[in-house]
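Here the structure comes first, spelled out in structure tokens, and everything after it is commentary.
The values are calculated or read from the model by the stated rules, or taken from the named source; none is laboratory data. For clarity, every value in this text was computed on a predicted model and none was experimentally measured. Don't worry about glycine lacking a Cβ; one is built from the backbone with ideal geometry, like all the others, and counts go over all protein chains shown. Side chains are part of the model used for accessible areas, which takes the heavy atoms of the whole protein and leaves out ligands, DNA and RNA. Shrake-Rupley method; radii C 1.70, N 1.55, O 1.52, S 1.80 Å.
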Number of protein chains: 2
Amino acid sequence: MKQPKPRNAFYAQSGGVTAVINASAAGVIETARKHRRHIGNVYAGRHGIVGALTEDLVDTSRESAAAIRALRHTPAGAFGSARYKLRGLDQDRAKYERLIEVFKAHDIGYFFYNGGNDSMDTAAKVGLLSAELGYPLTCIGVPKTVDNDLPYTDCCPGFGSVAKYVAVSTREAALDIASMARTSTKVFILEVMGRHAGWIAAAGGLAGKGPKDAPHVILFPEITFDRERFLARVKESVDRNGYCVVVVSEGVKNPDGTFLAEAGTKDAFGHAQLGGAAPEVARLVKEGLGYKYHWAVADYLQRAARHIASKTDVEQAYAVGRAAVEFAVKGKSGVMPVIVRKSSRPYRWTIGEASLTSVANQERMVPRNYITRDGFGITAAARRYLEPLIAGEAPPPYRDGLPDYVQLALKPVKRRLKTQFKV
Amino acid sequence: MKQPKPRNAFYAQSGGVTAVINASAAGVIETARKHRRHIGNVYAGRHGIVGALTEDLVDTSRESAAAIRALRHTPAGAFGSARYKLRGLDQDRAKYERLIEVFKAHDIGYFFYNGGNDSMDTAAKVGLLSAELGYPLTCIGVPKTVDNDLPYTDCCPGFGSVAKYVAVSTREAALDIASMARTSTKVFILEVMGRHAGWIAAAGGLAGKGPKDAPHVILFPEITFDRERFLARVKESVDRNGYCVVVVSEGVKNPDGTFLAEAGTKDAFGHAQLGGAAPEVARLVKEGLGYKYHWAVADYLQRAARHIASKTDVEQAYAVGRAAVEFAVKGKSGVMPVIVRKSSRPYRWTIGEASLTSVANQERMVPRNYITRDGFGITAAARRYLEPLIAGEAPPPYRDGLPDYVQLALKPVKRRLKTQFKV
């Protein structure tokens, strides 16, 4: 029986990057290198799907084994990511056709798309169109999002590390304010990411164990903000503990549905650009209670903080990359590897699969039973879910006091098309 | 020759805490325990000098050796710190006399004050009054400040760790924005501490090596902010690199001398409470150039981040604590141990001493030759100075995915005075 000629693979990173998305890239590339009978070269999109549309491809086969291995400890998107939404096939058909045109030109038979909800939708649609056009293409999603809001997977690679960053930072800042509160700052507010789902804010709850421990208040996007109840709780905490630590999600909403702090700008997906919930909460505390406050906005620091990544998260990110290639080699398509939890204590997990169409454009919120009845904390069930995800340390190597992150060579693949595409 | 009866020591933490001030506490307590012929118990002030004024003392002799050892890896002030300024002897004589009264009641013959400029001033004045009153008291300062602005010491314990945090965070966030810039965020702004001196902002410069590397702009308090020149530089960076990373000190000032962002509140020392330079810079970028931006304010996270502390800093913090006790045992008083740099490459340092009165209330700014001629970066001389201070890692132990910081027992010393003191 004659083995068919191996075809090339296209790998792209999509949306907001994480501390471990490059570990998924390493999983894809290293595993593809082990399946040379099926997969030729892995080409990566320079700046994600934009690289495919503009025929701006990186030849990963020209990266050393050491460089690819170093992706496991390097945060952010080594090939560049993109916030670039493809709409429906009817609306954006030309773009989908362009993708297939580029794939054809480079004999790409495998499409690995490393992203969140929007990206799984795109991957599914590319699969649909390639079938319609009779172009054989294996489409596999690789889950990634700090927001932890993908359905059908127990957790999302990228989340565990930001969760660990937020829990560690909350614990550390809480010690600081506990030191100062007698004569100075009484309220500390840490703003974290999580546009619609409060998973990252919930992770702040891991900083403490007992009812007196920080954080004393968590503000979830799932719970409508109630100014009076919030201020009463802050006062109660200051009266009882001498201080109050608040973790606030950027996605917290007022009773009228507006975000507590909207910057007024929108991103490529039409989502409002947030940032500034912490200073707004600080303002309310100052006006309502008069306490001296400090606030921090972690922003990109939280999702880029590879130096404090969760070992569990690094391993899962690598595993979904590896599994994506293994699925492809087995002839599967239109699916995404997911994390399946077998047990929480001790933590055991394995890889499962979900169809891309089922995952696409769905968001999974923090369930109500993970949030305490008063709406300001996490329950034992939430701890049971969250704790394994931040377990273990996987520090990067250091040189001259700084993490020694890899910079890839990023050798371009020679263009084969005369046509240009403007994004 | 009869050995005089050992007298007790009083140790207090003062001002803003750091990732390594507890390492200094460990240095004081462990060294005192080795000199039992001279020093009896070490009593720590609960919330710093306020603990002395209110006779709220912690008996450190009731803490286990393991707990004291764990202070080396625990951030913030384990005994509580205070922002509580004692003014001149004429204005606040009653407070100084109260301190001596409490010291007498507990047979305290040694005063170790762990703080910055203001605290060295206080320690010097306590020494003056005790001499005037004929009460024998050894007064030793233990330097501490993230701001690195104390004179006569090559660097201040606390600074190296915040410097490392800022350099690491800048490097990580820069990778993030480099990933996103093609289709999304073009400008990232990180606000760091440093009210008057730009040492912490300067440390951000260590994140990159070459002229294209982030940070592309550093805004120092030492350099008056010039809106037009700043915007021109941001545009140049975005045009050349695709993005721009800005590190801004909270203490950056407008040409009229006002802070770029003043919150309008003042602390106990009469200093303006800052915070919000980053969103203000972001606003200027948006208005002037229209770029999509993200900003972060590290605030307490940076000075509490023991998880990413500099090993050099931890060692120096311990060493000044140890040296303070050794000075006292040798009969010195009115002095502070300082870090003396013997060589930068390789880095070699030793402990020297400075008189408290010479240190008091002086601030050391970043010298002009550490800042590039354009005012937006650091020079080779600055790198030579800064690099050794962030060298080495000293991670805390972890439990369940989180740093296992110690909580001391904090057993109170029995009160001996009938009199109360209200702070």
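Charged (D, E, K, R) and open to solvent by less than 70 Å² (accessible area, probe 1.4 Å) - does that describe any residue in region A:336-353? The answer is yes, given that some residue of region A:336-353 is charged (D, E, K, R) and open to solvent by less than 70 Å² (accessible area, probe 1.4 Å). Tallying residues that are of a type in the set (S, T, N, Q) and within 14 Å of another protein chain (Cβ to nearest Cβ) within region A:361-418 yields 1. Restrict the check to region A:26-42 and report whether at least one residue is under 20 Å from residue A:414 (Cβ atoms) and either open to solvent by 40 Å² or more (accessible area, probe 1.4 Å) or among the basic types (Lys, Arg) (or both). Yes, some residue in region A:26-42 is under 20 Å from residue A:414 (Cβ atoms) and either open to solvent by 40 Å² or more (accessible area, probe 1.4 Å) or among the basic types (Lys, Arg) (or both).
Taken together, the residues in region A:284-302 that are more than 10 Å from chain B (Cβ to nearest Cβ) and either part of a helix (DSSP H, G or I) or surrounded by 24 or more Cβ atoms within 10 Å (Cβ to Cβ) (or both) amount to 5. The criterion of at least 2 residues that are of a type outside the set (A, V, I, L, M, F, W, C) and surrounded by 23 or more Cβ atoms within 10 Å (Cβ to Cβ) is met by the following helices (runs of 4 or more DSSP H) wholly inside region A:115-227: A:117-132, A:159-180.
Annotation note: of B:235, B:266, the sole residue that is within 11 Å of chain A (Cβ to nearest Cβ) and either modelled with pLDDT under 95 or open to solvent by 50 Å² or more (accessible area, probe 1.4 Å) (or both) is B:266. Quick one: is residue B:82 open to solvent by 10 Å² or more (accessible area, probe 1.4 Å), under 23 Å from the mean Cα position of the chain (by Cα), at pLDDT 95 or above and within 14 Å of chain A (Cβ to nearest Cβ)? No, not satisfied. Taking residue B:112, is it within 30 Å of residue B:163 (Cα to Cα), open to solvent by less than 20 Å² (accessible area, probe 1.4 Å) and part of a loop (DSSP other than H, G, I, E, B)? So residue B:112 fails the test. For region A:7-19, the count of residues that are within 14 Å of chain B (Cβ to nearest Cβ) and in contact with a Leu (Cβ under 9 Å, 6 or more places away or on another chain) is at least one. Residue A:404 passes every criterion in (1) at pLDDT 95 or above; (2) closer than 28 Å to residue A:215 by Cα apart from (2). Do we find a residue being within 14 Å of chain A (Cβ to nearest Cβ), in contact with a Ser or Thr (Cβ under 6 Å, 6 or more places away or on another chain) and within 18 Å of residue A:405 (Cα to Cα) anywhere in region B:155-168? Scanning region B:155-168 turns up at least one residue that is within 14 Å of chain A (Cβ to nearest Cβ), in contact with a Ser or Thr (Cβ under 6 Å, 6 or more places away or on another chain) and within 18 Å of residue A:405 (Cα to Cα). When A:204, A:210, A:251 are screened for being out of contact with any Ser or Thr (no Cβ under 8 Å at 6 or more places or on another chain) and closer than 24 Å to residue B:398 by Cβ, only A:210 passes.
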